[in-house]
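Each value in this text was obtained by applying a stated rule to the coordinates, not by laboratory testing. Not measured: the values here are computed from a predicted model. When we count neighbours, we look across all protein chains shown, and the Cβ atoms used for this are built from the backbone with ideal geometry, even at glycine.
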Amino acid sequence: MKVGVVARKDSRKREIELFSKFFEVLVYEIPKELPELIENPSQYLNFPENFKPEILVSFANHPDINIELIKEAAKRNVKIVIFSGSKAGSRAQLKNEAEKHGIKILVEEVCCTTPKIDHEFFEKFGTPEFEVSIEGDRLKEVKVLRAAFCGATFYVAEKIKGAKIDEAGRLAGYYTQIFPCLASRGIKGGIHKAAKAHKKAIEKAIKKAFQS
């Protein structure tokens with residue numbers, strides 16, 4: 001399966017590398033710096049003829065670019081477009097444009113909250129999922145079933161292996177926040193959503209391990 005990625009120049013290398021472990025990835029770069037308002041966003045989206053992915057992930061983080069991307073996706077018969085970033089654009093506006101073209105979209109501030117839908121891509125990526133084995137009061141093994149786009153989930157799994165069960169959730173949140181994620185920081189930053197998603201995922205995995 002082909003996954004298309006639109007990213008600012010020299011960015012999102014971790015995501016692209018991770019996607020490439022599971023899928024064929026087509027990358028299209030736009031300028032690193034963009035004006036706040038773009039009257040003609042199509043000038044930045046001169047895709048090559050062979051850029052025809054099944055699913056498209058936009059890290060453009062610009063509302064004007066993303067609206068235009070929906071139109072370009074329709075030309076290439078793309079069925080699903082994911083918009084990631086705090087400045088992705090108005091969810092209502094993007095949804096309205098997508099409905100005109102029969103495209104399903106997901107708009108997520110942080111990739112750790114991307115829901116699971118019926119598509120091959122989402123079996124591997126989105127809201128984190130773990131599987132754990134327990135020995136005594138500690139996590140013996142931590143396996144990643146589904147990962148955030150940035151790779152934070154794999155980092156968390158490595159760091160909390162061997163952790164005490166009653167500390168695992170807190171540690172999952174902590175290690176998510178020190179991973180070099182591009183989510184916004186601060187009191188209300190998206191990084192806290194990412195931390196909460198990983199904390200919740202490991203706690204769910206522990207509960208399941210005890211029930212099995």
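Near Leu26, the amide H atoms lying under 5 Å from its own belong to Val3, Gly4, Val5; only residues 5 or more places off or on other chains count, and H is placed 1.01 Å from N.
Put simply, when 160-166, 64-70 are sorted by average Cβ atoms within 10 angstrom per residue, most first, you get 64-70, 160-166. Considering only the Cα atoms of the chain, their convex hull presents on average a projected area of 12.3 nm². Close amide H contacts of Phe125 (hydrogens built in the peptide plane, cut-off under 5 Å, sequence separation of 5 or more or a different chain): Ala147.
Cα-Cα over 29 Å: which of Lys9/Lys79; Lys75/Lys200; Lys52/Lys100; Lys87/Lys140; Lys52/Lys200; Lys124/Lys199? Beyond 29 Å between Cα atoms: Lys75/Lys200; Lys87/Lys140; Lys52/Lys200. Its residues counted as N, segment 15-78 yields a C-alpha radius of gyration over 2.2 N^0.38 Å of 1.15. The three principal axes of the C-alpha atoms in segment 2-108 carry coordinate ranges of 33, 30, 27 Å, sorted with the longest axis first.
Among complete DSSP H helices in the chain, those whose alpha-carbon atoms stretch at least 15 Å along the helix's long axis and whose mean Kyte-Doolittle hydropathy reaches -0.5 are 63-75, 165-178. When peptides 123-129, 194-200, 175-181 are ranked by their average number of other Cβ atoms within 10 Å per residue, the highest-first order is 194-200, 123-129, 175-181. Structure note, pairs Lys32/Lys95; Lys21/Lys143; Lys13/Lys193: Cα-Cα distances above 18 angstrom occur for Lys32/Lys95; Lys13/Lys193.
Between Rg and the Kirkwood Rh of segment 111-209, both from Cα atoms, what is the Rg to Rh ratio?
Answer for segment 111-209: 0.96.
Look at Ile103, Ile202 and count the other Cβ atoms within 10 Å of each Cβ; fewest to most, that gives Ile103, Ile202. Find out how many positive minus negative residues lie around Phe59, taking Lys and Arg as positive, Asp and Glu as negative, among other residues whose Cβ is under 9 Å from that of Phe59. Value of the local net charge: +1.
From least to most packed, judged by other beta carbons within 10 angstrom and beginning with the fewest, His192, His62 follow the order His192, His62.
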